[in-house]
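See below for the structure under consideration.
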Amino acid sequence: MMQQSAETRPTIGDAVAHEQRAYENSNPTSRQKFEAAKEVLPGGNTRGSLYFDPFPLFFSSARSSKVIDADGHEYSDFGNDLTAALFGHSNEAIVSALKAGLDQGVSYGGTHDHEVAFAREICDRFRSIERVRFLTSGTEANVAAIQLAKAETGRPLVLGFFGGYHGNVLNWLEPESEMNVDRADVRLARFNHFETVEEIVRKEGKDIAAVLVEPIMGSAGGFVADTAFLSRLRSICDEIGALLIFDEVQTARFAVGGYQSVIGVYPDLTTLGKFFGGGLNFGALCGPARHMDRLGPGHARTLSHGGTFSNNVLTMIAGHAALKKVFVQENVDRLNARSNELRSALLGQANNRRVPLQLGSFGSLISTHFQADLPRGPEDVKTPPAFRKLLQLFMINNGIFVTRRGQFTVSMANTEDEFSELENAFGIFLDRFGELTDHFD
């Protein structure tokens, strides 16, 4: 890569300012709508992860692999609703099932066949799952998993990991957040560093009810847990009598039996969310009958648990249709293979320009880290937030929607033209701004 003198080389601040001006000039309607939204929504926002400065895009519609904003711009979507839109935004099989379901009523207020069929399909796919408790979000599923583990063990503590994200009230990216529940009962270790787990267990192992972990730490940066690390978590839970909980809200997309089937390590409890509802609100707590049946009426030690929309008929219909007709082995294999080709192409472009790049996560989730060594946890990240902002604004200005976290999220709806579009835009980005990464390490 041709070197520029210190006097002529642009700074990250200069580059961000240029892209931000272009973004602001192109999106006046989104800006206006954002300002108006602040009159009725806190900070003009309902879902904090969708906010980015200087103001977020307002979307007016979405179809297949495209999103359209309030100013009429169409984007190839590689944000895909922060992994929830695995099937794109209007999969025909799911939409058809929903239309038929709407003719039968929006809300039943009773048990129905759709929830039984959906739960049976999940049980058939996951080796570790015999029972499914439906909820309305992955957050709710993780909270319920913790409470069930505490009830089953009679213990008060949960061991998690710095940088873990299990919902807005279990946000260990910000462990001191006052929105987090039961902060006094949480002990945090370093992801992929088993010695820090052992240290906590030596001191408080008899009080630990559960170990809660993402097999691949998603929101923090796509850090893949070493299989040996997860195996040792399985062993230590068995040794101390704690329950191992896998948060597969994001990682279940990698195989029809979840990521646990890829690595061959199986938890006591599994939480699901996001794409599993076929694009509608969804959460599930799953596991073996010996633990899960306590959530049902009639058990000798039943735990009272319910939720008005937990068996929402439209979610049950959409989720079941998604599993039976879309999230099948052939489609999952094709998505992972094509995503791996994209991963190789992006790495090749960086290597050709001698720009340091590591790509985290797995399969159809591609997390970018502009550094020489692959980070194994949050403390290893060297890419500054300003550079992630630069990447996002550049991509949006070039017709590709991505989130601020620097992740390319691939859906089953993304096309070959869109893959080429992304590869080309990424190459231009590296040509223009690759030199800015020289001092990240």
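The values are calculated or read from the model by the stated rules, or taken from the named source; none is laboratory data. Just so we're clear, the structure is a prediction, and the values are computed from it rather than from any experiment. Cβ placement follows ideal geometry from the backbone for every residue including glycine, while neighbour counts extend to all protein chains displayed.
Can you name every residue in the range 246-284 that is within 18 Å of His305 (Cβ to Cβ), out of contact with any His (no Cβ under 9 Å at 6 or more places or on another chain) and of a type in the set (A, V, I, L, M, F, W, C)? Result: Leu272, Phe282, Ala284.
With respect to Phe282, determine if the residue is aromatic (Phe, Trp, Tyr) and out of contact with any Phe, Trp or Tyr (no Cβ under 6 Å at 6 or more places or on another chain). Judged against the criteria, Phe282 is not a match.
Would you pick out the residues in the range 410-420 that are part of a helix (DSSP H, G or I) and either hydroxyl-bearing (Ser, Thr, Tyr) or surrounded by 18 or more Cβ atoms within 10 Å (Cβ to Cβ) (or both)? If the condition is that a residue be part of a helix (DSSP H, G or I) and either hydroxyl-bearing (Ser, Thr, Tyr) or surrounded by 18 or more Cβ atoms within 10 Å (Cβ to Cβ) (or both), then Glu418, Phe419, Ser420 are the ones that fit.
Checked against (1) polar (S, T, N, Q); (2) farther than 22 Å from Asp77 by Cβ; (3) surrounded by fewer than 20 Cβ atoms within 10 Å (Cβ to Cβ), Asn397 passes all but condition (2). The set of residues from the range 50-77 being free of Cβ contacts under 8 Å to residues at least 60 places away in the same chain and polar (S, T, N, Q) comprises Ser60, Ser61.
Filtering the range 132-165 to residues that are under 17 Å from Ala252 (Cβ atoms) and of a type in the set (Lys, Arg) leaves only Arg133. Before we move on, is Phe229 more than 25 Å from Gly110 (Cβ to Cβ), of a type in the set (Phe, Trp, Tyr), in contact with a Phe, Trp or Tyr (Cβ under 8 Å, 6 or more places away or on another chain) and assigned by TED's automatic domain parsing to the domain that holds His114? Considered against the rule, which asks whether it is more than 25 Å from Gly110 (Cβ to Cβ), of a type in the set (Phe, Trp, Tyr), in contact with a Phe, Trp or Tyr (Cβ under 8 Å, 6 or more places away or on another chain) and assigned by TED's automatic domain parsing to the domain that holds His114, Phe229 comes out as yes.
Here the condition is being under 26 Å from Ala386 (Cβ atoms), surrounded by 15 or more Cβ atoms within 10 Å (Cβ to Cβ), under 22 Å from the mean Cα position of the chain (by Cα) and not polar (S, T, N, Q); of Val16, Val67, it holds for Val67 alone. Looking across the range 364-374, the residues that are farther than 18 Å from Leu430 by Cα and crowded, with 22+ Cβ neighbours inside 10 Å come down to Ser364, Leu365.
Yes or no, residue by residue, for (1) in a loop (DSSP other than H, G, I, E, B); (2) within 16 Å of the chain's Cα centre (by Cα):
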site: Ser344; (1), (2): no, no
site: Ala350; (1), (2): no, no
site: Ser367; (1), (2): no, yes
site: Ala372; (1), (2): yes, no
site: Thr383; (1), (2): yes, no
site: Arg388; (1), (2): no, no
site: Met395; (1), (2): no, no
site: Arg405; (1), (2): yes, yes
site: Phe408; (1), (2): no, yes
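One residue alone among Ser310, Ser339 is of a type in the set (Gly, Ala, Ser), touching a strand residue (DSSP E or B) at 6+ places or on another chain (Cβ under 8 Å) and not in a helix (DSSP H, G or I), and that residue is Ser310. One residue is enough: does the range 3-24 have a residue meeting the conditions under 30 Å from Gly221 (Cα atoms), free of Cβ contacts under 8 Å to residues at least 12 places away in the same chain, part of a strand (DSSP E or B) and among the small types (Gly, Ala, Ser)? No - not one qualifying residue is present in the range 3-24. Of all positions in the range 97-111, none carries a residue that is surrounded by 14 or more Cβ atoms within 10 Å (Cβ to Cβ) and either without any contact (Cβ under 8 Å) to a residue 40 or more places away in the chain or at positive phi (or both).
When we screen Gly348, Gly298, Gly363 for residues that are at positive phi and without any contact (Cβ under 8 Å) to a residue 12 or more places away in the chain, the only hit is Gly298.
Listed by position, the strands (runs of 3 or more DSSP E) inside the range 129-196 whose residues that are out of contact with any strand residue (DSSP E or B) (no Cβ under 6 Å at 6 or more places or on another chain) and within 18 Å of Asp247 (Cβ to Cβ) number at least 3 form an empty set.
Checked against the criterion of being touching an Asp or Glu at 6+ places or on another chain (Cβ under 6 Å) and of a type outside the set (Phe, Trp, Tyr), the candidates Ala386, Ala345, Ala337 yield just one match: Ala345.
When the range 134-145 is examined, which residues are found to be touching a residue at least 40 places away in the same chain (Cβ under 8 Å) and over 14 Å from Glu214 (Cβ atoms)? Matches in the range 134-145: Phe134, Leu135, Thr136, Ser137, Glu140, Ala144. Counting only residues that are under 17 Å from Ser344 (Cα atoms) and touching a Phe, Trp or Tyr at 6+ places or on another chain (Cβ under 6 Å), the range 389-408 holds 1 of them. With the condition kept exactly as written, say whether any residue in the range 278-298 is aliphatic (A, V, I, L, M), over 13 Å from Ile245 (Cβ atoms), at pLDDT 95 or above and surrounded by fewer than 16 Cβ atoms within 10 Å (Cβ to Cβ). Scanning the range 278-298 turns up at least one residue that is aliphatic (A, V, I, L, M), over 13 Å from Ile245 (Cβ atoms), at pLDDT 95 or above and surrounded by fewer than 16 Cβ atoms within 10 Å (Cβ to Cβ).
Among the residues of the range 174-209, how many are touching a residue at least 24 places away in the same chain (Cβ under 8 Å) and among the charged types (D, E, K, R)? Total satisfying the criteria: 8. Among the residues of the range 197-222, which ones are outside any strand (DSSP E or B) and under 18 Å from the mean Cα position of the chain (by Cα)? Within the range 197-222, Glu214, Pro215, Gly218, Ser219, Ala220, Gly221, Gly222 meet the criteria.
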